[in-house]
Amino acid sequence: MADLTPLAMVLAVLSGAIVGLLLAVFGGGGSVLATPLLIYLVGVQDPHVAIGTSAAAVAINALTGLAGHARGGRVKWPCALVFSAAGLAGSFIGSSLAKQVDGQTLLVFFAGAMAAIALSMLRKPKAEGDPDVHLDARRTLRLAPLGLLTGLAAGFFGIGGGFLIVPGLMAATGMTLANAAASSLVSVSLFGAATSANYALSGQIDWAVAGLFVLGGLGGGLAGLRIAGLLAGRAPLARRLFAGMIILVAAYVAWRGLSG
């Protein structure tokens, strides 16, 4: 657990604000910095505790965002629930496997996931799709296995998984990017809750840090919404710069993991 000195408390709130801001500005991929910030800035010593704590915080922040999208009618609930229900089992399996992996080795794997997320952010998302998509047997058969695999990855790495969930929902159902981004928060919330619950069973969550992180995330999210409006005309450039930053952080995490 982190030594919650006054400085560490401030850094935990600041870390949450950074992640909340990035989530609001960039969406998928924004929460991937949560674990590195908890380890290298806040001072959480155990990588497993950092992953469990970040999963809990991301789940709460995603639930807050989901409420807003639900009020706006952008969530495709039947599709989202099938995807997330299948992924719940995967997230529990993934987090159980991660708990058996040495902490430093897990950081190396996590760095690889960060690099993959950064590369996915460099692709131009497709906004086309059917805004009136409905769940049927064919879409259910495509959603379930994708949800299972995505939940497995999200649970293993302790990430929200939005960078996988959004394209998965679009590919399986043909829904629009806006609907997929909103609907993905159902899975992000549930996957994070399942992952954090699994870590909590092993006493590997620092709840005080998680609370401070969520508090900062709320403020950062509000600021991020304003910044997103200002960057509307330069969003592709900002996204590429953010992806480049993630790659640099991934290289640092990999180096720290390999060097012990």
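Hey, can you tell me all the residues within the range 238-260 that are more than 18 Å from A115 (Cα to Cα) and modelled with pLDDT of 75 or more?
Within the range 238-260, S259 is the sole residue that qualifies.
Hey, among the residues in the range 93-105 that are in contact with a Ser or Thr (Cβ under 8 Å, 6 or more places away or on another chain) and not basic (K, R), which one's farthest from Q45 (Cα to Cα)?
G94
Report, by residue number, each residue of the range 86-108 that is surrounded by fewer than 15 Cβ atoms within 10 Å (Cβ to Cβ) and modelled with pLDDT under 90.
Q104
The values are calculated or read from the model by the stated rules, or taken from the named source; none is laboratory data. Not measured: the values here are computed from a predicted model. Using ideal geometry, Cβ is built from the backbone for each residue, glycine included, and neighbour counts are taken over all protein chains shown.
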